[in-house]
Every structure is written in C-alpha cells, then in structure tokens.
1. Roughly to the nearest percent, how much of the accessible area of segment 61-105 is carbon and sulfur, given a 1.4 Å probe?
2. Tell me the relative contact order for segment 95-218 as a rounded percent, counting alpha carbon contacts under 8 Å between residues six or more apart.
3. For the chain, take the longest principal axis of its alpha carbons; what is the angle in degrees between that and the long axis of helix 83-93, to the nearest 10 within 0 to 90?
4. If you line up the long axis of helix 181-198 against the longest principal axis of the chain, both from Cα atoms, how many degrees apart are they, to the nearest 10?
5. Which order do peptides 199-207, 159-167, 20-28 fall in by mean Cβ count within 10 Å, highest first?
6. Under 1.5 on a/c is rounded, so check that first for the chain, then, if it is not, pick prolate when a/b is larger than b/c and oblate when it is not; a ≥ b ≥ c are the square roots of the alpha carbon gyration tensor eigenvalues.
7. What whole-number distance in Å separates the alpha-carbon centres of segment 91-120 and segment 131-181?
8. Could you work out the relative contact order of segment 61-162? I mean the mean sequence separation of Cα pairs under 8 Å and 6+ apart, divided by the number of residues, in percent.
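The values are calculated or read from the model by the stated rules, or taken from the named source; none is laboratory data. These numbers were taken from a predicted model, which means no experiment stands behind them. Counting neighbours? That spans all protein chains shown, and the Cβs are built from the backbone with ideal geometry, glycine included. Note: accessible area is taken over every heavy atom of the protein model, side chains too, but ligands, DNA and RNA are not part of it. Shrake-Rupley method; radii C 1.70, N 1.55, O 1.52, S 1.80 Å.
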Amino acid sequence: MPLVLDIGSGTGRYIEAVIETTAADRGLAWQAVACDASRFMVSSGHVTDPSLNRVVALAEALPFQDESFDAVLSFNAVHHFQLEAFLGAAARALRHGGLLLVYTRTPEQNTRTVWGRFFPDFAERETRLYTEQRLRATLACYPQFRFARLEERPWRMRKTLGRLIQQARGRCYSTFSFYTPTEFELALQTFRRRVAAAYPDPSNISVRNDHLLLVAPRY
Ligand SMILES: C[S@@+](CC[C@H](N)C(=O)[O-])C[C@H]1O[C@@H](n2cnc3c(N)ncnc32)[C@H](O)[C@@H]1O
C-alpha cells in the first residue's frame with residue numbers, strides 16, 4: 001500500500017481529506033502518517049481514519065527511514081519550517097519517483113486576502129511566508145527536485161462578516177499572535193468597519209484565497 005506523509009499536519013484535517021477523496025474518487029488506499037512539531041496538535045485531531053499514524057516530529061529532522069514514502073505533503077505550514085532543512089529531509093524521506101506537494105501562500109497572495117486588505121498591518125506583520133522567487137531559488141539547490149513546478153491556484157470563497165469576525169477571534173491565523181490583545185481588539189474594530197464599507201451585503205462577501213502549489217517529483 002502506498003505510504004504518504006503529511007508534515008506540519010496540525011490536527012490532520014488535510015491528510016484525512018486526501019485519504020477520503022482519493023479513496024472515493026480513484027479507489028486508492030493510502031497508508032498515512034501525520035507529523036507535527038506540536039504534541040498538542042498531534043493529539044487533538046479528530047481521527048476519522050483509525051489507520052492514520054500520528055507522530056511528533058520536526059519537518060527539518062524527520063525520524064523516518066530514507067526513501068520510505070511515496071508522497072510527502074505539507075499544507076499551510078512550510079513558512080514555519082527552515083526551508084533548506086525541510087527540503088533536504090523531504091528529499092531523503094521520498095523514494096525515487098515519489099512526489100512532494102507543498103501548498104502555501106506567498107506574501108503577495110497574503111496581501112490580496114481579506115485579512116491582508118482590511119485587517120490593519122496583517123500582511124506587514126506576517127514576515128514568515130516564502131516568496132515564489134525564494135522557493136524557486138532554494139529548490140534549484142536540490143537536484144532531487146529538478147523537475148519541480150510551481151502553480152498559482154486562484155481561489156475565491158464566500159464568507160459572511162460574522163464568520164470572518166469569528167475566525168479572527170478564533171485566531172485562525174498564527175499572524176494574529178503578533179498583536180497584543182489591545183492591538184488585536186482595535187484592529188478587529190477597524191477590520192469590521194472596512195469590510196462593512198467595502199461589502200454592502202455582510203452575508204455575501206466574496207474573498208480571494210489564492211495559494212501556490214509546489215509539485216516536485218523526486219528524481
Ligand atoms: C498553520 S498550521 C497548518 C496545519 C495543517 N497543515 C492545516 O492546514 O490544517 C502549521 C502547523 O505546522 C506545525 N509546525 C510548525 N513548525 C513546525 C516544524 N518545524 N516542524 C513540523 N511542524 C511544525 C505547527 O505546530 C502547526 O500545527
């Protein structure tokens with residue numbers, strides 16, 4: 001059975017969705033491992049697939065045998081990793097012909113989100129995201145990923161103002177941790193005002209949530 005690793009898996013919501021979708025659409029069965037640096041995240045996931053293995057581990061120092069995975073995935077997490085060490089670890093973990101998939105957001109894409117546009121200082125305070133240029137330049141140092149390609153994934157979604165406020169209060173992005181509680185409350189008030197002014201119907205807010213997808217077969 002093919003083996004897939006999700007790095008920076010958080011609660012494991014994406015890897016579970018991948019397993020479910022590929023099983024339903026293509027009849028594929030995966031053996032999956034979800035790994036994350038946070039013990040809390042690893043243990044707090046809602047496990048729908050009992051065969052999912054959960055491991056506490058750093059993206060930069062994976063505790064797995066070389067060439068043991070058919071696919072290595074990472075969603076919304078690479079900006080937390082030291083990029084060179086992560087790519088090196090992923091190259092070692094993948095078997096030849098295996099696939100690395102990284103789903104992330106660039107600083108430019110972040111600026112175009114509803115948060116980047118309306119939440120004061122949101123894009124400026126988030127300095128961890130990798131630019132497309134930085135990703136390309138770093139990938140070029142790894143001959144194992146010589147056939148890597150980067151694809152812009154445009155994505156629009158509909159939200160209500162209430163849902164956006166709820167997400168901010170739930171600190172849906174770690175960027176919000178860069179605000180003191182007082183700064184956050186003031187910024188949230190400004191955000192609410194700006195969004196209400198830009199969208200007359202608060203129950204129908206169309207926002208951009210574009211991402212970058214890195215697809216790299218392991219050579
Ligand atoms: C924004 S969350 C994304 C979680 C999940 N992939 C998702 O999209 O729901 C980023 C995750 O990366 C983890 N993380 C941060 N630094 C890490 C590292 N060096 N190695 C492994 N995981 C790390 C965090 O604990 C967190 O769960």
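1. Within segment 61-105, the accessible surface is 53 percent carbon and sulfur.
2. 51
3. Between the helix axis and the principal axis of the chain, the angle is about 40 degrees.
4. So the helix axis and the longest Cα principal axis differ by about 80 degrees.
5. So the peptides 199-207, 159-167, 20-28, ranked by packing, come out 159-167, 199-207, 20-28.
6. prolate
7. The distance from the Cα centre of segment 91-120 to that of segment 131-181 comes to 5 Å.
8. 26
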